[in-house]
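Only one structure is covered here, and it is reproduced in the block below.
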Amino acid sequence: MKLFLDTANISEIRAANAAGLINGVTTNPSLLAKEKLPIKETIIEICELVDGPISAEVLNISTTESIIAEAEDIAKWHRNIIVKIPCTLAGIAAAKILESRGIQTNITLVFSANQVLLAAKANASFISPFVGRLDDVGENGLLMIANSLEIIRKHNFKSQIIVASVRSPLTVVQAAQLGAHVATVPYKILEQMIKHPLTDAGIKKFEEDWKNARL
Ligand code: E4P
């Protein structure tokens, strides 16, 4: 399973990338707004840092034509860009045309297996179901991922499922167990994934024992 970093923060991307841990980055308008930096320049900087799929979202989503026009512009910024498009009828129609023109898409704000099926039928390269936001409203995000993966595999769709809106390290393990193609995680989750109190205690004990043995 590939790991993407779900952030627009350059320091976080540098740190995760230096550890060789990430295969791509997902951004969204909220994550970019948090950084208070020019959007285009930030996305290009991320693309230069990480040589993998970098999702950048369209904002002119009123019609298929407006989505295509913005997506074609964004795609020219860098060869690593994947255009992120919200899951609407106009968005699905735009994704199908963009993919046929060689522009890779990531259908986002996906909350049901039906939406996954339609995005897959549009040949979207990536589809991003949001696990955490579903769990927040009392639904079962992981179950939706399992159903979605079953559909993708049974029908040999080319789309890769990105498990998004990840709120805990356990979700990453579960996504991997289900055979998801990608999980996109905030930097904090990446830090939590490597941490274990017994590892820290073990290191401390080894250091103490080694020091005492040499006295
Ligand atoms: C994914 O592409 C989204 O950027 C992200 O995972 C949304 O996560 P959130 O629900 O924590 O905002």
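Each value in this text was obtained by applying a stated rule to the coordinates, not by laboratory testing. Everything numeric in this text was worked out from a predicted model, so none of it was measured. Cβ: placed from backbone, ideal geometry, glycine included. Neighbour counts: every protein chain shown.
General observations
- Its Cα gyration tensor gives the stretch 130-209 an equivalent ellipsoid; the semi-axes, largest first and in whole Å, are 32, 15, 10.
- Kirkwood Rh, angstrom, the stretch 62-149 [1 / mean 1/r, Cα pairs]: 13.2
- Among D200, D135, D73, residue whose mean-square fluctuation peaks in a GNM of the chain (springs only between Cα atoms under 10 Å): D200
- In the chain, the C-alpha radius of gyration followed by the widest Cα-Cα span (Dmax) gives 19.2, 75 angstrom.
- Modelled spin labels at K76 and E191, positioned 7 Å past Cα toward Cβ, are 4.0 nm from each other.
- Taking the Cα atoms of the stretch 71-116, the ratio Rg/Rh between the radius of gyration and the Kirkwood radius comes to 0.98.
- Its DSSP H runs of at least 4 residues, each contributing -39,500 (n - 2.57), put the calculated 222 nm mean residue ellipticity of the chain at -16000 deg cm²/dmol, to the nearest 500.
- R153 versus S168: modelled label distance in nm, points set 7 Å from Cα along the beta carbon direction: 2.4
- Of K76/K158; K2/K40; K34/K76; K2/K204; K2/K34; K36/K195, pairs whose Cα-Cα distance is over 28 Å: K2/K204; K36/K195
- From the alpha carbon centroid of the stretch 50-125 to that of the stretch 157-206 is 26 Å.
- Those trypsin sites (Lys or Arg not before Pro) in the stretch 3-66 that DSSP places in a loop and that have at most 11 other beta carbons within 10 Å: K36
- Candidates V173, V50, V116: whichever shows maximal mean-square fluctuation once the chain is modelled as a Gaussian network with Cα springs under 10 Å: V173
- Taking K84, K76, K96 as the candidate residues, the one with maximal mean-square fluctuation in a Gaussian network model of the chain, Cα springs under 10 Å, is K76.
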